[in-house]
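The values are calculated or read from the model by the stated rules, or taken from the named source; none is laboratory data. Because the structure is a prediction, the values reported are computed rather than measured. Glycine also receives a Cβ, built like all others from the backbone with ideal geometry; neighbour counts cover every protein chain displayed.
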Amino acid sequence: MHPPDARFGTEVAGRAQAHLEELGATNKGISLAVLTSEDGFEIAAYRGAETSGRIAAMSSSLQALSEAISREAGLASSQGLIIESENGKIIVLGVASTAPRVSLAVVAGLNETLGTLLWAARNCCKSLEQALRK
Amino acid sequence: MSSQELKIVFTGPMGAGKTTAIRAISDAPPVSTEVGNHDQKTFAKESTTVALDYGEVSLENGTSLRLYGTPGQGRFSFMWEIIGRGALGVVLLLDASSATALKDLDTFVTTFRRTTPDQAFVVGVGRLPPEHGSRLDDFSRALAATGVVAPVFAVDVREREDVLLLIETLLCILETQMPEAEYASA
């Protein structure tokens, strides 16, 4: 796996990292947040660990699948998806109008409500969109 | 052979032609998860598959094939296992012009053999030089070294007939490997 900032430049990675740190600091239930290019490369991560590169690749696959199933169902473009597990939840959201196209994956435990997490992740996406705009 | 539905997987490294092959034979436009490729050093092409391709083709004998294509890059290897589950056969596509082609063969054969040991295999090698006899033998030898017995073809995956040849060969292997009753209910 390439280091997070090798492919997209230290400036982009640094800006993204700052927004992910802010997301994590204001939402204590978040255990991992990864910003991923559309083709599965980790750009920045909050609490990045050995697994964050793998989570990044998986989240880009999931985002692409959510867009494919939305197209197949005749719906408008997918904005993201929510995975609810016994011990927590994962949200994957597409970030609009960036180059490269990116998505944000956020992992949180049960102590973070879905509504709060979704609100925070969407706000983070808006900030990222501003910071990484084409 | 009675009417039946079979799952076939197209796999292989990035740029080997999996998406193109499925597009060449699918009866309807395939489901695609292609996105922009930001890894031009590995393979200089505009787009890449990050989850799967999905197409369907009905053969004249009534057999219906569900065609799944995997992503090619190692970082998406989790999809190889997910997509490979339940597949009766694997079409492994390789790019002869790649310096890692023989290593790729070993990687994909080993992975699919580990997760589903009984799958039938057929190998299609593309972008071969004009006089490719000995080069094709290299792939046959590399395949034999993995312990897998499978036919190896020179193919152009843009050609529907070439892709159908791979599929028909795979179906012949399946027919000889499996008891008739089991094959019919697959």
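Total residues in segment B:70-82 satisfying the condition of being touching a residue at least 24 places away in the same chain (Cβ under 8 Å), buried (at least 22 other Cβ atoms within 10 Å of the Cβ) and in a helix (DSSP H, G or I): the figure is 2.
In segment B:83-95, what residues are more than 14 Å from chain A (Cβ to nearest Cβ) and in contact (Cβ under 8 Å) with a residue 60 or more places away in the chain?
So the first thing to find is which residues in segment B:83-95 are more than 14 Å from chain A (Cβ to nearest Cβ), and the list is B:84-95.
Result: B:Gly84, B:Gly86, B:Ala87, B:Leu88, B:Gly89, B:Val90, B:Val91, B:Leu92, B:Leu93, B:Leu94, B:Asp95.
Do we have any residue at all in segment B:102-119 that's buried (at least 24 other Cβ atoms within 10 Å of the Cβ), away from chain A (no Cβ under 14 Å) and touching a helix residue (DSSP H, G or I) at 6+ places or on another chain (Cβ under 6 Å)? Working first, answer last.
The initial filter retains those residues of segment B:102-119 that are buried (at least 24 other Cβ atoms within 10 Å of the Cβ), namely B:105, B:108.
Still in the list and also away from chain A (no Cβ under 14 Å): B:105, B:108.
Retained after the next criterion (residues that are touching a helix residue (DSSP H, G or I) at 6+ places or on another chain (Cβ under 6 Å)): B:105.
Yes: one or more hits.
Within the option set A:Ser52, A:Ser37, being touching a strand residue (DSSP E or B) at 6+ places or on another chain (Cβ under 7 Å) and at the interface with another protein chain (Cβ under 9 Å from one of its Cβ atoms) holds for one residue only, A:Ser37. Among the residues of segment B:96-106, is any closer than 19 Å to B:Gly147 by Cβ, in a helix (DSSP H, G or I), without any contact (Cβ under 8 Å) to a residue 60 or more places away in the chain and in contact with a Ser or Thr (Cβ under 8 Å, 6 or more places away or on another chain)? Yes; the residues of segment B:96-106 include at least one that is closer than 19 Å to B:Gly147 by Cβ, in a helix (DSSP H, G or I), without any contact (Cβ under 8 Å) to a residue 60 or more places away in the chain and in contact with a Ser or Thr (Cβ under 8 Å, 6 or more places away or on another chain). Could you please find all residues in segment B:39-59 being in contact with a Ser or Thr (Cβ under 8 Å, 6 or more places away or on another chain), at the interface with another protein chain (Cβ under 7 Å from one of its Cβ atoms) and at pLDDT 90 or above? B:Val50, B:Ala51 - these are the residues of segment B:39-59 that are in contact with a Ser or Thr (Cβ under 8 Å, 6 or more places away or on another chain), at the interface with another protein chain (Cβ under 7 Å from one of its Cβ atoms) and at pLDDT 90 or above. Just the residues that are under 15 Å from the mean Cα position of the chain (by Cα) and over 14 Å from B:Asp106 (Cβ atoms), please, taken from segment B:126-148. Once the filter is applied, which keeps residues that are under 15 Å from the mean Cα position of the chain (by Cα) and over 14 Å from B:Asp106 (Cβ atoms), segment B:126-148 yields only B:Gly126.
Going through B:Ala24, B:Ala16 one at a time, which residue ends up being of a type in the set (A, V, I, L, M, F, W, C), assigned to a loop (DSSP other than H, G, I, E, B) and at pLDDT 95 or above?
On the way: B:Ala24 fails: assigned to a loop (DSSP other than H, G, I, E, B).
Only one candidate passes the filter, namely B:Ala16.
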